[in-house]
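*Asks:* What follows is a structure written as structure tokens; I'll ask about it next.
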């Protein structure tokens, strides 16, 4: 057990790392339409450019899993956070597709590095304290996303320009990540894990479940407004309310998640999440008026909130492959879900309609939560 003062410093430092990762990614989102207009590219070219971000992230995730075993997660968290802060203003001024693609690749590399390293550090802190902490850390990622998006959007709305807006956001991220540095644990073991090993089936299962969860989260973010508007539940201007309620509920669920896990355990937390998820999707699909639909998004957010933190904890407890590589596999699976999800929902919606596509999302999440018994047994 680490000392109390060190525990609080480590807790604060890890929370700030998760906050910076969420803040940086969300601060880029409002810049996307501006970049498209500045470069005068079509949707196809923009999609290719955005793929550079995902490519950089995936490559960095694999490299980080090895580096963290040798040098510890602390220096990688600092480098990743500072990389996000440096690259964000560059995204606002890149004036050719090649420069934007290269900058997105570097930005994605920083994001992938801090994403894997902060989850590894969170697992190390949980082990050192003997307490469930993962849900609270992921809550701060959600808070960072909300804050980053709100900050960037507010600055741009005030006509301050993308360069000034990103410089302010960059300064805030730099202050946060430098403040996190003293509290982070120095844990490098010097061991030389292989760059790649074939993932064990139990880790692959967790990765598939993470991919499904991120797929559902991403699909709700991208398609919830359209569903509400198409079903005449809300006006077009208010279509984003459902997504906002989902995000708030997920953050609240994660803030209270560690207390819930400490009381009832990981398996029960996953399985009990099934009821609000199913109820929420049924409400969203068949809502006769807006209030029921909004309640549905709240229930989905609460039910899904602690799935990814529990899956990350399972990766930290398994003994069949190095923890860093397991976290990289699971995080990569999550990114794959985010990339595939919106397109998959669009295809199902085109063939069967958007309400049925949302029913498919509910069924997928039931698979995840009902797999709790398998992963809790298989990861040991």
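Quick note: the coordinates plus some simple rules give every number you see, no bench work behind them. Because the structure is a prediction, the values reported are computed rather than measured. Cβ placement follows ideal geometry from the backbone for every residue including glycine, while neighbour counts extend to all protein chains displayed.
*Asks:* Going by a ≥ b ≥ c, the root eigenvalues of the Cα gyration tensor, does region 297-354 fall in the rounded group (a/c under 1.5), the prolate group (a/b larger than b/c) or the oblate group?
*Replies:* Details: a/c = 4.14, a/b = 1.77, b/c = 2.34.
Oblate, because a/c is 1.5 or more while a/b does not exceed b/c.
*Asks:* Now a separate question. What list do you get for 352, 297 if you sort them by fewest beta carbons within 10 Å?
*Replies:* Numbers: 352 12, 297 28.
So the residues, fewest neighbours to most, are 352, 297.
*Asks:* For the chain, just list the percent of Cα-Cα distances falling in each 20 Å bin from zero outward, please.
*Replies:* In whole percents, the pair-distance histogram is 29, 60, 11.
*Asks:* Order by neighbour count: 313, 70, fewest other Cβ atoms within 10 Å first, most last.
*Replies:* 70, 313
*Asks:* Placing one identical point scatterer on every Cα of region 14-68 and ignoring solvent, what is log10 I(q)/I(0) from the Debye formula at q = 0.15, 0.26, 0.27, 0.30 Å⁻¹?
*Replies:* With one equal scatterer per Cα and no solvent, log10 I(q)/I(0) is -0.60, -1.07, -1.09, -1.14.
*Asks:* For residue 8 and residue 252, calculate 0.36 nm times their separation in residues minus their Cα-Cα distance, and state this gained length in nm to one decimal.
*Replies:* Working: separation 244, 0.36 × 244 = 87.84 nm, distance 2.12 nm.
Length difference between fully extended and current span is 85.7 nm.
*Asks:* Okay, moving on. Taking the alpha-carbon set of region 4-183, what are its Rg and Dmax in Å?
*Replies:* 16.4, 55
*Asks:* Between residue 40 and residue 70, what length comes free when the chain is fully extended (0.36 nm per residue of separation minus the Cα-Cα distance, one decimal in nm)?
*Replies:* Full-extension gain reported as 6.4 nm.
*Asks:* Can I ask one more? In terms of the Cα gyration tensor, with a ≥ b ≥ c the square roots of its eigenvalues, is region 201-378 rounded because a/c is under 1.5, prolate because a/b exceeds b/c, or oblate?
*Replies:* On the way: a/c = 2.26, a/b = 1.64, b/c = 1.38.
Here region 201-378 falls in the prolate category.
*Asks:* For each of 302, 370, 272, count neighbouring Cβ atoms within 10 Å of the residue's Cβ, then give the residues from fewest to most. Write out the running numbers ahead of the final one.
*Replies:* On the way: 302 22, 370 12, 272 15.
Fewest-to-most Cβ neighbours within 10 Å comes out as 370, 272, 302.
*Asks:* When the helices in the chain are scored as -39500 (n - 2.57) per DSSP H run of 4 or longer and the sum is shared across all residues, what 222 nm value do you end up with, to the nearest 500 deg cm²/dmol?
*Replies:* Dividing the helical sum by the residues of the chain leaves -28000 deg cm²/dmol.
*Asks:* Right, here's the next one. So, in nm, how far is label residue 93 from label residue 235 when the simple model puts each one 7 Å beyond its Cα toward the Cβ?
*Replies:* Output for this residue pair reads 4.1 nm.
*Asks:* Determine the relative contact order of the chain: mean sequence separation of Cα pairs under 8 Å and six or more apart, normalised by residue count, in whole percent.
*Replies:* Relative contact order of the chain: 24 percent.
*Asks:* Here's something else I'd like to know. Using a simple spin-label model with points 7 Å from Cα along the Cα→Cβ vector, what separation in nm is obtained for residue 340 and residue 129?
*Replies:* My value for the distance between the label points is 3.5 nm.
*Asks:* What percent do you get for the relative contact order of region 201-378 when only Cα pairs under 8 Å and 6+ apart count?
*Replies:* The value is 38 percent.
*Asks:* Continuing with the same structure: Multiply the residue separation of residue 370 and residue 347 by 0.36 nm, subtract the distance between their alpha-carbon atoms, and state the gained length in nm to one decimal. Provide the component values of the computation, followed by the final result.
*Replies:* On the way: separation 23, 0.36 × 23 = 8.28 nm, distance 2.59 nm.
My answer for the length gained is 5.7 nm.
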